[in-house]
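Q: Have a look at the structure that comes next, please.
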Amino acid sequence: MTNYLSQSQIKRLVHQRDNKPKQPKYGNHKVVVDGEKVADSQHEYRRLNDLKVLQRAGEIKDLQTQVRYNLIPAQVICNKKERGTDYIADFVYWTKDDQLICEDAKGHKTADYIIKRKLMKLIHNIDVVEV
């Protein structure tokens, strides 16, 4: 004897499957404070707090988060518009010696990240420091 699911049972199963929260690809969990996303991972959140302490102590200045750098502008290829490529730095700040620091809180280095890091050096002459 074969058991068949009714139409309503199938809909319920599909709805349950579709409403499950997606697991992060690399195991990171976004940090939310007061209903606002603060960081993409616990590691990034801890580094942000460390940098805020350094800024209050006067060791660094002009701390910025999620700074976008254009690497490849949007263009038309074979009559099709292609999006540009950007690198988004987790943290950018200046040291007391007026040196620009661009940091990325990395847990897992993807192939895309490695290429973008090299393009940052080539195009903007900025070294990305991994923390």
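The values are calculated or read from the model by the stated rules, or taken from the named source; none is laboratory data. Computed from a prediction, not measured in an experiment: that's the story for all the values here. Here the Cβ positions follow ideal geometry from the backbone for every residue, glycine too, while neighbour counts run over all protein chains shown.
Q: Out of the range 41-59, which residues are farther than 23 Å from Lys96 by Cα and touching a residue at least 40 places away in the same chain (Cβ under 8 Å)?
A: Ser41, His43
Q: Would you say Asp112 is modelled with pLDDT of 95 or more and within 29 Å of Glu59 (Cα to Cα)? Lay out the reasoning, then the answer.
A: On the way: modelled with pLDDT of 95 or more: yes; within 29 Å of Glu59 (Cα to Cα): no.
Answer is no for this residue.
Q: Out of the range 93-111, which residues are farther than 17 Å from Gln66 by Cβ and of a type in the set (Asp, Glu)?
A: Asp97, Asp98 - these are the residues of the range 93-111 that are farther than 17 Å from Gln66 by Cβ and of a type in the set (Asp, Glu).
Q: Keeping to the range 56-81, report how many residues are under 20 Å from Val128 (Cα atoms) and basic (Lys, Arg).
A: Final tally of qualifying residues: 2.
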